[in-house]
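Input: a single structure, listed below in structure tokens.
The values are calculated or read from the model by the stated rules, or taken from the named source; none is laboratory data. Quantities reported herein were computed from a predicted structural model and do not represent experimental measurements. We place every Cβ from the backbone using ideal geometry, glycine too, and count neighbours over all the protein chains shown. With ligands, DNA and RNA removed, areas are computed over all heavy atoms of the protein, side chains included. Shrake-Rupley method; radii C 1.70, N 1.55, O 1.52, S 1.80 Å.
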Amino acid sequence: MLRRLLISSVLILIFVAIRTLPAYAGDSVTQAFANLSPMAALALCGGMFFPRHVGAGIIFGTFITSDILLNLHYQQPLLNPYSITLLLIFTAIFLGGYFLRNQKAIPGLLGATVVGTLLFYFATNTVAYFYNPAYPPGFSGWIQAVTSGVPGLPPTWVFGLRSLASNLVFALAFYMVLRPRPEQAAVCAAAPAT
């Protein structure tokens, strides 16, 4: 258990760095790492593999720490509509992982990762539609927000695909570290009940 906690702690530090450091490195690095964030995978796997309070502490501690650093860097209020949306999305993904904790197979993990990515994509782009004046009002503005995005920037669907790819990679990495192993199951079954 200590090994798993140590490895998970190192991964979390890497995750916070991956989410925050590109913003501090300049525009070209920020563009290169846009939407390559492990937060959704962390929320899903935290719900699946850790005890509820430990998983919640890890995911929300990581989110709050990295969100404060990002909001300070971008001179945004610490509590804003986008941050609240992200918190709600990661809560939903965490709860999805918690409800899948008895289904710790790769197909369930991958399916939940795709669903979580779609939730993230549509929710964050919908919030962008409501709060970004670059989008015209009405249904056509929302379609623009979830497809082509703001003119002059890469299309939002590209960020969506990048999110999906990074979520799948990070979820599989977390799964490989935290998945139940047959030798662990044998030890747990042989241990006397207390």
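Surface exposure of the stretch 110-155, expressed per residue as accessible area with a 1.4 Å probe, stands at 54 Å².
Residues whose amide H comes within less than 5 Å of that of residue 148, counting only those at least five positions distant or on another chain, are 156 (H built at 1.01 Å from N in the peptide plane).
Based on DSSP H segments of at least four residues, each scored -39500 (n - 2.57), the chain has a per-residue ellipticity at 222 nm of -25500 deg cm²/dmol. For the chain, the relative contact order comes to 28 percent (Cα pairs under 8 Å, sequence separation of at least 6). When the chain is treated as a Gaussian network with alpha carbon springs shorter than 10 Å, the biggest mean-square fluctuation among 83, 140, 66 belongs to 140.
Summing charges over all other residues whose Cβ lies under 12 Å from the Cβ of residue 44, with Lys and Arg as +1 and Asp and Glu as -1, gives +2. Solvent-accessible area assigned to carbon and sulfur over the chain amounts to 74 percent, based on a 1.4 Å probe.
Going by the alpha-carbon gyration tensor, a ≥ b ≥ c the square roots of its eigenvalues, is the stretch 52-150 rounded (a/c under 1.5) or, if a/c is not under 1.5, prolate (a/b greater than b/c) versus oblate?
Verdict is oblate for the stretch 52-150.
Where a ≥ b ≥ c are the square roots of the eigenvalues of the C-alpha gyration tensor, would you call the stretch 1-112 rounded, which needs a/c under 1.5, or, failing that, prolate if a/b is larger than b/c, or oblate? Verdict is prolate for the stretch 1-112. A full extension of the chain between residue 105 and residue 150 corresponds to an added length of 12.3 nm, given 0.36 nm per residue minus the alpha carbon distance.
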